[in-house]
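In what follows, a single structure is set out as structure tokens and then discussed.
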Amino acid sequence: MNVSQKALSADAHAELLAIPESHFVDLKSTEILPGKLTRTISAFANTSGGEIYVGISEVDDLNGKTREWSGFADPEAANAIFQVLEGLNPLGNNYAATFLTAPGANGIVLHLTIFKTQEIVIATDGKIYVRRNAQNLPLSSDDAVERLRYDKGIKSFEDELLPLEKESITNSATIIDFLLEAVPTGEPEEWLLKQRVLLDGKPTVAGTLLYSDEPQAALPKRSAIKVLRYQTKKDAERDFLAFDPLTIEGPLYNLIYDAVDKVKEIIEKIEKAGPGGLEKISYPEEALHEILTNSVLHRDYNVAADVQVRIFDNRVEIESPGRLPGHVTVENITKTQFARNPKIVRLINKFKNPPNKDVGEGLNTAFEAMGKLRLKKPEIQELDGSVLVTLKHESLASPEQMVMEYLKTEAEITNSIGRDLTGIKSENSMKQVFYRLRESGQLEQSPKIAGKKPAWRKPEKAE
């Protein structure tokens, strides 16, 4: 692979020496054995990815431990690390490497960026590691390795068989109604066998979640949605609960739509102070729908916990059990696709008016819906055993503010740049923003130049 080189400024050099080791960052001396380094590589690849700086060591002095830049003499001195990286299956191309130099610094530091992998990466000592805070922890039991397989989506709990009679899904009202609408010529048992959600006379987890009338009876504490309303802007505390937690149950299709309706109903009762007095809080239904749909379809059903929706005075939190699957990270979640439960995702899409209409576009739709209401984008966090999405009721700056903020550092702004900046789709609507700023004396049109797009700038000061 091509290894880039980068020269750091004096400030960046100082910042790197001060960077704390964390869940995503590790610092190593050039003296580390390549085999030992693979423990950190395995841990990052199996968890959330991370960065390794090889060539920064800790030394003891009178002030305690301090950092020292002590890099490789030349790029060839790091060849042993690249050899072990190339042989570390299935790491493949899931890493990037850069050699760093800095003014007056001793040698070159190797900066490795390890990306989260879809498969499990094993260190050269034969062990599987995961990253927890600033530690690389070996998985010492078969159960822990199995848990990692579920986390990464290598194995899906949706295919597990349940000790239930087949009639729980072959003769349910849910399957009969579904087939009448979606597959009017299909017979329940034959169709379920063909979809492989009925195996050896037993329903799978996917079949039960989709077609049982009461899946929560077979999968308690892992197949419902809990809705909690806290009358506060602070953290979730029992004293602030407006009412006892609500439990939404039913087959997945009903579960999603019923939960969206209930959450929307609760939110619409919340008021906040505004220019005209108390105003109703409003979140876009599309955002709530898409995030709830994702939390149900892509959660880890092996985790014995329900999806939680926590409604605060200023935000909504939706927590889905299980870490992000496969190669998905918080950074790439809107740009990549990976279905932990592919059968569930595919089969629920066969329902009339499916909740996942645009497969793979859910979170993008949620981001766009928040933008249309001039609300901040959803925040996504990966916690130890869950994924948390937060919708905040915080307005973005007005389009006018965003334009003027842009012109603090740039000489001109075009209609195209303005639309990208503000999220406004229409060229004419963007023009109206510029016209309002012109009328208030804050903008003027730049002199027209042939072959150059029309642009706007701050008025030039009079001589």
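The values are calculated or read from the model by the stated rules, or taken from the named source; none is laboratory data. Everything numeric here is computed off the predicted structure, so don't read it as measured data. So basically every Cβ, Gly included, is an ideal-geometry build from the backbone, and we count neighbours across all protein chains shown.
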For residue 115: the one exception among (1) in contact with a Lys or Arg (Cβ under 6 Å, 6 or more places away or on another chain); (2) in contact (Cβ under 8 Å) with a residue 60 or more places away in the chain; (3) under 30 Å from residue 145 (Cα atoms): (1)
Sort through 195, 231 and tell me the only one that's of a type in the set (S, T, N, Q) and in the same structural domain as residue 261 (by TED's automatic domain parsing). 231
Among the strands (runs of 3 or more DSSP E) confined wholly to segment 302-395, which include 1 or more residues that are more than 12 Å from the chain's Cα centre (by Cα), at pLDDT 80 or above and buried (at least 16 other Cβ atoms within 10 Å of the Cβ)? 307-311, 315-321, 386-392
All but one of (1) modelled with pLDDT under 85; (2) under 20 Å from the mean Cα position of the chain (by Cα) hold for residue 271; state the number of the condition that does not hold. (2)
If I filter segment 1-25 down to residues being assigned to a loop (DSSP other than H, G, I, E, B) and of a type in the set (A, V, I, L, M, F, W, C), which single residue comes out as modelled with the lowest pLDDT? 1
One residue is enough: does segment 138-149 have a residue meeting the conditions at pLDDT 95 or above and within 18 Å of residue 81 (Cβ to Cβ)? no
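So, of the residues in segment 415-440 that are at pLDDT below 85 and part of a helix (DSSP H, G or I), which turns out to be surrounded by the fewest Cβ atoms within 10 Å (Cβ to Cβ)?
420
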For residue 131: the one exception among (1) of a type outside the set (Asp, Glu); (2) closer than 30 Å to residue 342 by Cβ; (3) crowded, with 21+ Cβ neighbours inside 10 Å; (4) touching a strand residue (DSSP E or B) at 6+ places or on another chain (Cβ under 6 Å): (4)
Residues of segment 118-134 being within 23 Å of the chain's Cα centre (by Cα) and free of Cβ contacts under 8 Å to residues at least 40 places away in the same chain, which ones? 119
For segment 40-63, enumerate the residues that are surrounded by fewer than 19 Cβ atoms within 10 Å (Cβ to Cβ) and not hydrophobic (A, V, I, L, M, F, W, C). 51, 57, 58, 60, 61, 63
Per the list (1) at pLDDT 95 or above; (2) crowded, with 16+ Cβ neighbours inside 10 Å; (3) not in a loop (DSSP other than H, G, I, E, B), residue check on residue 266 breaks on (1)
Select the helices (runs of 4 or more DSSP H) contained entirely in segment 136-228, then report the ones holding at least 3 residues which are in contact (Cβ under 8 Å) with a residue 24 or more places away in the chain and of a type in the set (A, V, I, L, M, F, W, C). 173-182, 205-211
